[in-house]
Every structure is written in structure tokens, then in C-alpha cells.
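The values are calculated or read from the model by the stated rules, or taken from the named source; none is laboratory data. Computed from a predicted structure; not experimentally measured. Cβ coordinates were reconstructed from backbone atoms using ideal geometry, including for glycine residues, and neighbour counts include every protein chain displayed. Note: areas computed on protein heavy atoms with side chains; ligands, DNA, RNA excluded. Shrake-Rupley method; radii C 1.70, N 1.55, O 1.52, S 1.80 Å.
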Amino acid sequence: MTPDQMRDASLLELFKLEAEAQTQVLNGGLLVLERDPRHAGSLEACMRAAHSLKGAARIVGLDAGVKVAHVMEDCLVEAQEGRLLLSPEHIDALLQGADLLLGLGTPPAQPGVLDPAIDALVARLGALARGLPVPPAAPVKAPVAETASTEPPVRAPVIEPPVAPTPPRQEASEPGGEGRARILRVSAERLDHLLDISSKSLVEFQRIKPLGDSLQRLKRLQATARRALDVAREALPKGAVDAQAEAMLLETRQALGECQQLLAQHMTDLDDFGWQGGQRAQSLYDAALASRMRPFADVLAGQERMLRDLSRALGKQVRLVVEGEGTQVDRDVLERLEAPLTHLLRNALDHGIETPERRLAQGKPAEGQILIRARHHAGMLLLELRDDGGGVDLEKLRRAVIERGFATEQTGEQLTEDELLAFLFLPGFSMRDQVTEVSGRGVGLDAVQHMVRQLRGGVRMQQRQGEGSTFHLEVPLTLSVVRSLVVEVGGEAYALPLAHIERMTRLQAEDIVQLEGRQHFWSEGQHVGLIAASQILQRPEGKPSDNGIPVVLLRDRDSLFGLVVERFIGERTLVVMPLDARLGKVQDVSAGALLDDGTPVLILDVEDMLHSVAKLLGSGRLERVDRSARQQAGSKRKRVLVVDDSLTVRELERKLLLSRGYDVAVAVDGMDGWNALRAEHFDLLITDIDMPRMDGIELVTLVRRDSRLQSLPVMVVSYKDREEDRRRGLDAGADYYLAKASFHDEALLDAVVDLVGEPHE
């Protein structure tokens, strides 16, 4: 078998795995659509599956598969856009197409056997998509089961499913060859089990050190006991004990000495065992971890050939250049990167690289270049995919955004370059006027972003018009091991993946401000919202730190927020231990792990935490992050909430009350004040009347209706000084009404003292 044949066999095997996975999606989705033809989720999933199978079939050179998947995609898109209502006849044809695609990936396949069925199916689906009547066709039986039954039984040590295709250069035709690398295909489950056992062994060996420390303490106790015995023996006067007692004392001293010697020997043996066993456990863990790693070049198998075939079909010339192809990446990450890379390469060739004639006219070489660069950085895999094509025509993109109704004419003209490029990642958005087998669906970049996010990574795009485009992908090196910051929340340890952490900091109480009902602090030119981890995780709030409030700045896509924790424990590399499937999806948690001392720790799901924060904001139940410290301070100083939409008045009142010794919080309107009142304790409310969103009368009314707040003293300070205005405020429930026209320092402070007394009591 030639190297090319071996390469094709490996790619076909990968296509078989892809076909098995995607046809499962198709079968499940089509059965749902048979009951509910307008089910949007199933239509989207089936269309994505057909689109992925089309790309996979193109890579391995299965033109028949490309045709079948493309016509299936056409039919599903027609249904998705409402131009076609799927009937049982459509479902039959689509299921038949799924069976054919699965059959194409099942070797050995006799060339030409399925051609008539494929041509008939393509014609049938094409007619159905256009709404033309067609006679019912007999279902095509995919040759999966038949092939499987005729294959000889597989002997060990080959275990299915394969982890990866065997690289051609590692298979040799000669039977011997001691220098030839041997390949053993092992199931992913076995590798995961091996890694799990090795990580637990490593953790167990960490427990030898505290055991050695306890034996050292025992040795010191024995030495102390022997010295005490010697002192007691010497303190006895001569002749005070008989010969028998003297012999027993000597025997006891001798036994203690032997125990010390034996203990010292065992401690030496334990130290040697602990060091050697720890080294071997570490080596076993490293080897198990390395067995999951593969060179980045493995994911590029077949990509160059795909680019060559596609460039010929498009009448273009292109060369693929790879840097960092030896970069080691986890097997699972690498396999899940294949589809996004395929989409990006096809996108670069179809949308970026120009025809040879146009390139020559622009002073470029006739052959275009696509560069892929892979490297490690801070526990992440950084991928850069760059082409030297024409870049993105921003004005054409701007027109497409406006014409497709994504923005008005006025808004579209004001969009920046980054905002315009973000539209390219929207589902269904394409700059192509016509749909081809290569592009035009608006699925490619949307699918790339979707799959990269599933890897807990990110993707962004840059371009220079006339010079080309660059895509930057950042994904974890492995899904089995995650570098994390371990923190303490509610007395328990939790881990935050470093990939989401912008930085760590400590805040003082005066660094925190309240804006629109939320606490913020100023960081590098922007306001960052604060959230208490104890509230999200429903843990009791711990003791406040003496040297500031520990905050972890977390970034997820375009969101940045500060997570308040109790203590930074430190950075750790954790082996991911998936949660039991019977638990389902645990809110805000992605997996578990063990620390070096065997302490269990939960790895937090940052994206899920954002959803939890959104729910808390929507319900108005977001608590203050420094409430314990403020409540402790509140036991010494009385707290006053000032609600006024005027910055001048608000600051004047705040400074007056602070100078008198009160603890003061401010709110910018009635709604902001209501949120603050529900979140923490106050001894007095001072409010204006005329304010946006919620005026002072509404605020006072809500306070008096709330069972927890109805006894709170309320003072109204307003420009309205008519008697009817004063009566209106007092009728709503205010305890004191002060007109700003007669407002002066002592009047306000005297009124506050009358209502709540001196600040310190």
C-alpha cells in the first residue's frame, strides 16, 4: 500500500467516525421534525450536521458525499427559511441521505455501487426542495451492518474506537525493523481511566510527607521520655530501689533506645520510599498525560489536499504554510479543532485569496499563501490563521448589514471596523449573493465560533484591506488538565480556570461605588461590576479580610466582572474529574478535582455563572459584596441612605453626614435606592421627590408596604415647599419633610439626630 493510500484510509476512517456522530444528530433531529416540521432547534442542528458532513466528505475526496450532503442542506435551509414545510416524504428522503452518507464512510466500499442510488436521491431531494411531485422511492439500505457481519473478528490489541488514524510515516511495509515505531490503538476511556488512576496515585503519595512529620514528632517524644527516665533514675538516692527495680529501669531504658533506633530506620526507609514512589507516581502521571497529547500536525492531515482540490475548482492557486506543527495538544482538543480549522481554511480560500490574474494585477505573486501558526502560551494553545488575500471590503460589508436589516442606515454608517467584523460571526450572515457548495450559507464563521466556545476558548478576527485577514483562536491545551486559581468561598475551596482570569486584586471599601443599583470599582479606565461569590454559590459569607477585599477579575468573551472571594489559596494544575452523569448539569460548576492534599475542589463554570448573575440582576436580589464589613461598621455607626438625582445635592448631603460621623451610602434615583434598601441594612432614608424611573413618593410608599422596612425612619428633602407638597410626602409615610429652600447644614443634621439619634450609640 502506497503512503497516499494509507493516508486516504486513515482519513476515510475519520470520516466514518464523523459520519456516525453526525448521522445520529440527523436521525434524532429528523424524527423530531416528522412530528414538528417547524422545530427551529432541530432544523438548525440537522442543517449544521449536513454542512459538517459536506466539508468532511470534501476533505476525503468523497464527491458523492458532497453532493448528497449539499442537497440535504438545501432542503433543510428551505425549511428553515419557511419556504418549505417538511412532510413525511421529505423526512424519508433525508433519512435515506443520512444512511447513504454513513454507508460511504464504511470501508471496504465497492466503487460505483451506490452511484445510481446517490444520483436518484440527489434528483429526488432536489425536486422535493422545489416542491415538485416525485414518485416514492424504495429506501436504500446502508451497507453498515452487512459489512460489519462479513468482517473477520478483530483480535487484540486493537481496541475500537480508534483514538487517531495511524500516521503513514509510522507504518512500514517490512515485517521486521527494530527501529520502527509501534502503534497501539487504545480506547479513549482506557486512557482517561489510566490518567485518573495516575493522578490519584500522585495525590496519595503526597500524604506520605505529613505521615513522616508525625513520625518525627513521635521520635522526639521517645527521646524526651528516655531523658525523663534518666533524670528520674539519677534523682533517686542510692539504695532507694532494690536490685529488681534497678534491672527493670535499665530494661525500660534499653527498650526505649531500641524503639528509637527502629523508628529512625523506618523513618529513613519511609523517606526513601516516599521520594522514589513520588517520583514514579509523577512519572506515571506525566506519561499518562503525555499519552493524550498529539502533535498539532495531526489535525492538518488532508487539509493541504483539500485546499489544493478546492483551489483548482475555484481557479485559484494557494500554498499552505504551517509553523509549530510539532506543538503538543490534547487528543480531545485536537479532534474538536478539525472542523473549525476546515471552515476557516475554506473561508480564507473562497473569500480571501484572489484569482491569479487579479493578484498579478495588484502586484502580488500569482500563488496565494495561507499561514497557520501554533504555539503555547500560559497553558493555552494559540492559533493564528492568516491569508495574504484581499481582506474584507468594509463598505460592502456595511451595505450588507444595512440591506439585511441588521442595522438602520444611520446606525450602519456609524459602525466601527470591529463592530462590522462581528456581523460575520452571526448565524446566517454571508456576503455571498449566491449559494455554492463552498459558501453562501452564512454558517462557516458562526460554526467556528460555536465550536471554539464549546472548547472554552475564543476567536477574533483582524483584517487589512488589500493585504489579508487573520483569525486568532485561543483554546485550552487539554480538557483533562486545567490550570486554575484556587480560592476560598464560604470556607470551601473552588477553582477558577486561568483562561478566564484577567487579573487579581484587593480592594478597600472606599474603592467601591454604587451605580444604578450595582457596586462597581474603577479598573484600567472602566467600571467593573462586583459580585459576591458566596451569593452565586449559595455559601455563607465568610469573615472579611483585614488587608482588603480579594477580587478576581473574570473575562468571558466581551464581559468583565469582579468576583469577590474570601481568600486566594494559589495557582494549581488540576486533573479534571467529570461529575457523575446522574447529577445532570450542576449550576455554576463544570467539574471536580483533587488538591495535592486530597481535598476535593469544584471547578467553576464561568459562563454559567454569568447566567446566574443575570438572573440575580433581573430579580433585583444582587447583594452588596461588603455587607458583612458594613454591617459590623453599622454596629458602631448608624447608616444613612441618601437618594437624589442631583449630584450636587447628593454629595453635599453625603459630606455633611460623613462629617457628623454617620456611615452614608448614596443612590441616583428611586429605583437605585429601592434596590439598595432591599440589599442591606440602613437606619435612615433621606430622599428627594422628583426623580427619574421612580420618584420619592413611590419609594416611600414601597418602604411602608414592605414588612421588613416599614419601621425605617424616612426624611424627604425637596425643592417643593408648598403645604400640599409637604402633606403629600407625610401622607405617603415620611417622618420628616425638609424644604431645600430653607435647607442649611444645621437643619439637616438636627433633623437626622431627631429621627435616629447620634451616629455612635
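ASP645: free of Cβ contacts under 8 Å to residues at least 12 places away in the same chain and either among the acidic types (Asp, Glu) or surrounded by 13 or more Cβ atoms within 10 Å (Cβ to Cβ) (or both), yes or no?
no
Wholly within the range 460-505, which strands (runs of 3 or more DSSP E) include no fewer than the required count, namely at least 1 residues that are of a type in the set (Phe, Trp, Tyr) and closer than 27 Å to ASP286 by Cβ?
In the range 460-505, 492-497 are the strands (runs of 3 or more DSSP E) which contain 1 or more residues that are of a type in the set (Phe, Trp, Tyr) and closer than 27 Å to ASP286 by Cβ.
So which of ARG308, ARG319, ARG346 ends up being outside any helix (DSSP H, G or I) and more than 26 Å from the chain's Cα centre (by Cα)?
ARG319
So, in the range 32-59, how many residues would count as being closer than 20 Å to ALA447 by Cα and of a type outside the set (Gly, Ala, Ser)?
Qualifying residue count, the range 32-59: 11.
Could you check the range 261-286 and list, in sequence order, the residues that are of a type outside the set (S, T, N, Q) and either open to solvent by 60 Å² or more (accessible area, probe 1.4 Å) or not in a helix (DSSP H, G or I) (or both)?
LEU262, HIS266, ASP269, ASP271, ASP272, PHE273, TRP275, ARG280, LEU284, ASP286
Report, by residue number, each residue of the range 291-327 that is open to solvent by 30 Å² or more (accessible area, probe 1.4 Å) and at pLDDT below 80.
Within the range 291-327, ALA301, GLU304, ARG305, ARG308, ASP309, ARG312 qualify.
Is it the case that some residue within the range 698-712 is in contact (Cβ under 8 Å) with a residue 40 or more places away in the chain and part of a helix (DSSP H, G or I)?
Yes, the range 698-712 has at least one match.
If you check MET691, MET671, which single one turns out to be at negative phi and part of a helix (DSSP H, G or I)?
Being at negative phi and part of a helix (DSSP H, G or I) holds for just one of MET691, MET671, which is MET671.
Of the residues SER718, SER707, SER635, SER628, which single one is buried (at least 20 other Cβ atoms within 10 Å of the Cβ), modelled with pLDDT under 85 and over 15 Å from ARG518 (Cα atoms)?
SER718
Restricting attention to the range 592-609, report how many residues are outside any strand (DSSP E or B), modelled with pLDDT of 80 or more and within 23 Å of LEU455 (Cβ to Cβ).
Matching residues across the range 592-609 total 4.
Applying the selection to the range 578-612, what residues are open to solvent by 60 Å² or more (accessible area, probe 1.4 Å), of a type outside the set (D, E, K, R) and either touching a strand residue (DSSP E or B) at 6+ places or on another chain (Cβ under 6 Å) or closer than 16 Å to SER484 by Cβ (or both)?
If the condition is that a residue be open to solvent by 60 Å² or more (accessible area, probe 1.4 Å), of a type outside the set (D, E, K, R) and either touching a strand residue (DSSP E or B) at 6+ places or on another chain (Cβ under 6 Å) or closer than 16 Å to SER484 by Cβ (or both), then PRO578, PRO600, LEU602 are the ones that fit.
Every residue in the range 726-739 that is surrounded by 17 or more Cβ atoms within 10 Å (Cβ to Cβ) and over 11 Å from VAL700 (Cβ atoms), please.
ARG726, TYR736, LEU738
Given (1) crowded, with 16+ Cβ neighbours inside 10 Å; (2) in contact (Cβ under 8 Å) with a residue 60 or more places away in the chain, where does GLY661 come up short, assuming only one miss?
For GLY661, the exception is condition (1).
Residue-by-condition table, conditions (1) over 26 Å from GLY457 (Cβ atoms); (2) among the hydrophobic types (A, V, I, L, M, F, W, C); (3) free of Cβ contacts under 8 Å to residues at least 40 places away in the same chain:
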site	(1), (2), (3)
ALA361	yes, yes, yes
MET380	no, yes, no
LEU383	no, yes, no
VAL392	no, yes, no
ARG398	yes, no, yes
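Quick one: in the range 513-522, which of the residues that are open to solvent by less than 60 Å² (accessible area, probe 1.4 Å) and under 16 Å from LEU560 (Cβ atoms) is modelled with the highest pLDDT?
Filtering first and then ranking leaves PHE521.
Looking at (1) free of Cβ contacts under 8 Å to residues at least 12 places away in the same chain; (2) at positive phi; (3) open to solvent by less than 40 Å² (accessible area, probe 1.4 Å), which is the only condition GLY466 fails?
Tallying (1) free of Cβ contacts under 8 Å to residues at least 12 places away in the same chain; (2) at positive phi; (3) open to solvent by less than 40 Å² (accessible area, probe 1.4 Å), GLY466 fails exactly one: (1).
Condition check ((1) under 15 Å from GLY97 (Cβ atoms); (2) free of Cβ contacts under 8 Å to residues at least 24 places away in the same chain; (3) part of a helix (DSSP H, G or I); (4) open to solvent by 10 Å² or more (accessible area, probe 1.4 Å)) across all residues:
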residue: GLU18; (1), (2), (3), (4): no, no, yes, yes
residue: LEU33; (1), (2), (3), (4): yes, no, yes, no
residue: ALA49; (1), (2), (3), (4): yes, no, yes, no
residue: ALA64; (1), (2), (3), (4): yes, no, yes, yes
residue: LYS67; (1), (2), (3), (4): yes, no, yes, yes
